[in-house]
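Coordinate-derived values only; no laboratory data. Keep in mind that what you see is a predicted model, and the values were worked out from it rather than measured. With ideal geometry, Cβ positions are generated from the backbone for all residues, glycine too; neighbour counts draw on all protein chains shown.
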Amino acid sequence: MNGRRSFTRTSNRFRPGDSFSLAVWLQAFGSRIAYAKGAEWVKCPMPHRFLFALRSVAAVVGGYLIVAAGTILTFNVFVGQVTLDSNPGQMILGTIGAMLAGIAGGVVAGVVAPRFPLGHAAAVLLFLALDTASVLAKRTGPAWFDLAGSGILAISVLFGGWIIARRARSFAVRPAV
């Protein structure tokens with residue numbers, strides 16, 4: 001091999017003395033990247049942090065998209081538009097649909113970013129606050145009615161994140177006493 005060692009995935013290591021045709025040697029295992037600096041390997045934490053931040057953003061946006069899709073399905077397809085003049089059965093079904101959409105959004109946020117599931121579910125509330133502001137700006141009905149619906153969604157999203165946080169705590173490894 002002309003004095004060069006070839007990289008194979010089974011070796012899983014580069015050593016500083018190895019010759020390689022790249023100017024900067026890169027080694028990737030999972031989310032860690034190392035590069036050669038002088039005669040030693042330096043681990044670069046940036047890709048791990050970048051992936052952590054990307055998962056956090058994806059968790060929050062994904063959780064909100066689930067909430068939005070669930071409420072759109074509930075109020076435009078299954079139940080119909082719920083107003084103050086709607087019949088009680090329609091209001092109950094709309095409330096149940098909104099609660100399920102909120103719980104699903106909180107669960108998705110907690111599952112996608114499992115380190116801080118309740119925190120990511122709480123971050124979904126930022127998008128929900130913007131959504132509530134846009135609904136209130138339209139003035140389609142009394143403000144208390146729209147705020148009550150948004151409150152139900154907010155509590156449901158937090159409950160979904162809490163479910164995942166509690167589940168993660170129950171499966172945590174505990175030291176033997």
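Taking label positions 7 Å along the Cα-Cβ direction at both Phe159 and Phe50, the computed distance is 4.0 nm, reported to one decimal. On the beta carbon distance between Arg166 and Arg115, with R0 = 22 Å, the FRET formula returns roughly 0.90. Placing unit charges on the Cβ atoms only, positive for Lys and Arg and negative for Asp and Glu, gives the stretch 51-170 a dipole magnitude near 460 debye about its Cα centre. Translational diffusion coefficient of the stretch 42-159 (Stokes-Einstein, Kirkwood radius from Cα pairs, 37 °C, 0.692 mPa s): 219 µm²/s. In this label model, Arg139 and Ala58 are separated by 4.3 nm, measuring between points 7 Å along each Cα→Cβ vector. At full extension, Met91 and Ala68 could sit 6.5 nm farther apart than now, given 0.36 nm per residue minus the alpha carbon distance.
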